[in-house]
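The values are calculated or read from the model by the stated rules, or taken from the named source; none is laboratory data. Everything quoted here is computed from the prediction, not taken from an experiment. Here Cβ is always computed from backbone atoms with ideal geometry, including for glycine, and neighbour counts include all displayed protein chains. Remember, those area values only see protein heavy atoms, side chains included, never the ligands or the DNA or RNA. Shrake-Rupley method; radii C 1.70, N 1.55, O 1.52, S 1.80 Å.
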Amino acid sequence: MNEGSKQVAELFRTLARHCELLAEAFNGSVDGDDRKRANAIDALVTVKALKPYEDGVYELNPRLREFVADHLVTYQAYQRLTRVSATIKQARLQWREIRDLRVTGDYADVEKLERAFNDSVSDIAYAVERNLELLHSLVNTQYGNVNNFASKLRQNVFYSNEVASLLREMEQVEQVFTQVADEALHEGTLNVRQLVNRRLLVRLLDWTQRIKSAQEVITRRLFLSRQLEDRLRQLATTSLWLRQNKTASGFEIDVKDTAPAVLFKSEAIAVKRQIDVLDSDSLMQDALRDAVARIPPREVFSLTEEVDLERITARTDVDDQVVEELLPHERAIEVLVEELMQPGAGISLVEWKTKGSDADELSMEEWLLFSSIQLQSEGFCIKYLEDEAESRMTLNRQFHDVVVSRA
């Protein structure tokens, strides 16, 4: 183990020896009221786990407090999201220095800067993940770190602005590190390109979607909160008027057709309960059997019973019957059917219409389509006089006349 690792191990041993005092400092300030406690505080101050707050009073290191809060997922009210703009700028400067050192051939410093660049990229990824955990924790608990409605509303506004800033930083991450990845490809530093793609660019879409999801929830709650605030104000005004006018019998309003339905008392609809015959419950089946048993028997009709002929009337007035009048093209089909029943050659529908018929309200195309279908359903033979196809790829049959003959 090298010297640096030994120092880190000794630091963790010091924290472990005084873990109870650190836990107390996480919840508030601590002081050395006895010698043993004062020695523990001195040891923690030496490793900078505790910071002086007042004379003889110490508090937990803010960075250590932040680490513990991330572990416990407990965040303070109005805790700001971690800004990554400075780290983005630092990573961009480190990459530019790496490129310049590679040009000059100073590869020893290049290795150090690549490790520093790696740390900067990891810091950005960790900060974004921490921001997302903080956002979703506060949104899911509906800002449980405050007690009243006004504070919740103010936190909604605060984190709405924070989310907008975070989205702008995501655009900055995409712009800067896409350029870094392209330049790393041209420079031949594929390890830098792989690092940037794996740690940042591949995860940008998921990060942006999660941020926008939190933004949608915050915006919706802001809208509902403002609506609720207006309703509470109206309710408070009405309550004040009722307290000031306790003897008032009410007030009249001008009821119009456009008045809201909430002002009127709804009338219940009379619903008669019916037994569900599909219900397999035993009680329901018993009730159904009782209902069937109460039905009176059906009267049996007897053939020997005398029939009162005077009460049976036959309608003989044919004049009152409604006769449906045929349309001109329907009458034309009937006339054409009578002609086709006579012996002879086939009839061209185009010539027959041209000579004059009652189907003049139809165009020639409509007449051919209508009459050919009707006559074919009557059992006549239909022959389409097709046009010559302009190409072989013809989906529809094209014809200019139809010849109809007896079967």
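Values for this structure:
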read-out: C-alpha long axis of helix 62-72 to longest principal axis of the chain, angle in °; value: 40
read-out: Hydrodynamic radius (Kirkwood) for the chain, which is based on Cα pairs only, to one decimal in Å; value: 34.5
read-out: Thr87 accessible area, assembled protein chains, probe 1.4 Å, Å²; value: 30
read-out: Stretchable slack from Lys265 to Leu190, in nm (0.36 nm times residue separation minus alpha-carbon distance); value: 19.5 nm
read-out: Where only alpha carbons of the range 1-67 are counted, the Rg and the Dmax (Å); value: 12.2, 39
read-out: Net length gained if the chain between Gln227 and Gln179 were fully extended (0.36 nm per residue, minus Cα distance); value: 12.8 nm
read-out: Choice from Leu190, Leu288, Leu201 showing the highest fluctuation, given a GNM over the chain with Cα pairs closer than 10 Å; value: Leu288
read-out: Rounded to 10°, Cα long-axis angle of helix 3-17 versus longest principal axis of the chain; value: 80
read-out: Signed unit charges on C-beta, dipole axis of the chain, positive-most listed residue Leu204, Val180, Ile382; value: Val180
read-out: Overall Cα dimensions of the range 91-211, principal axis frame, Å, largest first; value: 63, 23, 18
read-out: Accessible surface of the range 145-292 [probe 1.4 Å, protein heavy atoms]: carbon and sulfur percent; value: 54
read-out: Chain lengthening between Arg80 and Glu339 when straightened (0.36 nm per residue, less Cα-Cα); value: 83.7 nm
read-out: Rounded to 10°, Cα long-axis angle of helix 107-140 versus longest principal axis of the chain; value: 60
read-out: Computed magnitude of the charge dipole of the range 204-283 (debye, nearest 20; Cβ of K, R +1, Cβ of D, E -1); value: 480
read-out: Listed residues Lys48, Lys36 arranged by accessible area, highest first, probe 1.4 Å; value: Lys36, Lys48
read-out: Rounded accessible area per residue of the range 7-138, 1.4 Å, Å²; value: 61
read-out: For the range 52-192, size of Cβ-based charge dipole, Lys and Arg +1, Asp and Glu -1, in debye; value: 520
read-out: Ordering of 62-68, 227-233 by packing [mean C-beta count within 10 Å, highest first]; value: 62-68, 227-233
read-out: The chain: most fluctuating residue of Gly188, Gly346, Gly105 per GNM, C-alpha cutoff 10 Å; value: Gly346
